[in-house]
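Notes follow once the structure below has been shown.
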Amino acid sequence: MKAILVREFGPPEVMRLTELPDPSPGPGQLLVRIRAVGVNPVDTYIRSGTYARAGSLPYTPGSDAAGVVEKVADGVRSFAPGDRVYTSGTATGAYAELAVCDASRVHPLPAGASFAQGAALGVPYATAWRALFQRAKAVPGETVLVHGASGGVGVAAVQIARAAGLRVAGTAGTPEGVELVLREGAHHAFDHRSPGYLEKAVGLTGGRGFDVILEMLANVNLARDLKALSMGGRVVVIGSRGTVEIDPRDTMTRDASIAGMSLFNMPDADRFAVHAALVAGLEGGTLRPVVGKELPLASAAESHVAVMSPGARGKIVLMP
Ligand code: NAP
């Protein structure tokens, strides 16, 4: 099979398209023929070698893919060859034509969803769902600000929150991003590069503040988020690329909470619940992953530059 191989940590160019032997599933595993690969920011952190969870070399990047089951090994009863599936983790890497996956990391892909859409689910939609309901404990009728709503996690959060009956505001950094956020279901959208946008957003809550804020860039926004929360408000730190100074008093005066999350910490039982909800949302049409860019597998390096550049418009996907 053709696959991306990383032999040394470093810039995007360390990812090379290589011919590798086809992998073979062991007990409890499946072999998936990959039709689309989801590119996530965490793939770039791992590739650069700076991430705490960097694995051993050489390796094939990626956790998120969608495709068709090619083989099932002993002990797998939930899938059969020919099934359309998406993955939330692989044993051999997703940036490839074939991947071996543990059965617990494979989920059915409903007929109405394309492979490219399926590749957008594993990290972004699971993160958004966990942040909203398992970390922030959001309930229908509450207000949520998705701070960074134009990217993979943000679009997912907007669709999930809207379908659940929350009042949704989202932000993006370009006019196209703002339009996308509105189109995907936000009641209101703001440009996070325009002065005074957060005060305007809080104004929409009648000055009460947001019950929940999902934060994609906490090092830039966390201090101001705390002032934009309601009494009892919760901010979930999903993304952060540096340090930030906050006034702890802002949490005291509102009985507010800051909840961190990493999908790597999600227990199996929670993952099972999240993906059951996501599959139901895909079947019912409330969840519709937005693919912003499709590139060939050989352009993995380009995809890593793109996913770290401003101006997100949905998900970046590689097509083997
Ligand atoms: P993405 O597709 O690259 O999207 C990034 C988002 O951040 C875009 O909406 C971007 O908006 C927005 N952004 C840029 N500047 C911002 C600002 N000043 N304030 C608010 N938002 C801003 O990335 P993603 O896949 O959605 O992931 C988002 C972040 O969450 C990344 O840092 C990622 O590493 C992290 N993450 C964490 C977990 C976890 O388990 N904790 C899981 C998944 C992702 P514009 O481009 O329109 O400016």
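The values are calculated or read from the model by the stated rules, or taken from the named source; none is laboratory data. Note that this is a predicted model, so its numbers are computed, not measured. Cβ atoms come from the backbone with ideal geometry, glycine included; neighbour counts cover every protein chain shown. Only protein heavy atoms, including side chains, enter the accessible area calculation; ligands, DNA and RNA are left aside. Shrake-Rupley method; radii C 1.70, N 1.55, O 1.52, S 1.80 Å.
Taking the average, over residues, of other Cβ atoms within 10 Å as the packing measure, peptides 105-118, 149-162 rank 149-162, 105-118 from highest down.
Summarising the overall dimensions of the chain from its C-alpha atoms, the Rg and Dmax are 19.5, 60 angstrom.
If R0 is 22 Å, the Cβ-Cβ spacing of HIS187 and LYS227 corresponds to a FRET efficiency of close to 0.55. Available extension along the chain between GLU199 and LYS2 is 65.9 nm, counting 0.36 nm per residue and deducting the alpha carbon span. In percent, rounded to a whole number, the relative contact order of the range 1-105 is 34, using alpha-carbon pairs under 8 Å and six or more apart.
Computed with a 1.4 Å probe over protein heavy atoms only, the accessible surface of the range 256-320 comes to 47 Å² per residue. Each Cα pair under 8 Å and six or more residues apart adds its sequence gap; the mean of these over the residue count of the chain is a relative contact order of 19 percent. The label point for SER240 and the one for SER104, both projected 7 Å from the Cα toward the Cβ, are 2.8 nm apart. Over all other residues within a Cβ to Cβ distance under 12 Å of LYS137, the charged ones net out to +1, with Lys and Arg as +1 and Asp and Glu as -1.
Counting only DSSP beta bridges whose two residues both lie in the chain, roughly 55 percent are antiparallel.
Rolling a 1.4 angstrom probe over the protein heavy atoms with all chains in place gives the range 86-210 an accessible area of 33 Å² per residue. Here the range 214-234 is scanned for amide nitrogen atoms under 15 Å from the site 7 Å beyond the Cα of ASP247 along Cα-to-Cβ, giving 222-229. Measuring with a 1.4 angstrom probe and ignoring ligands and nucleic acids, LEU226 comes out at about 0 Å² accessible. Of the accessible area of the chain, computed with a 1.4 Å probe over protein heavy atoms only, carbon and sulfur atoms account for 54 percent. To the nearest 10, the accessible area of THR253 is 80 Å² with a 1.4 Å probe. Extension gain, VAL305 to ALA269, is 9.5 nm, computed as 0.36 nm per intervening residue step minus the present C-alpha separation.
In straight-distance terms, cross-link reach from LYS315 covers every one of the aspartates and glutamates whose alpha-carbon lies under 17 Å from its own, apart from those fewer than eight places away in the same chain; here that gives ASP43, ASP64, GLU176, GLU179, GLU184, GLU294, GLU302.
Each Lys and Arg contributes +1 and each Asp and Glu -1, all at the Cβ; summed about the Cα centre of the chain, the dipole is approximately 360 debye.
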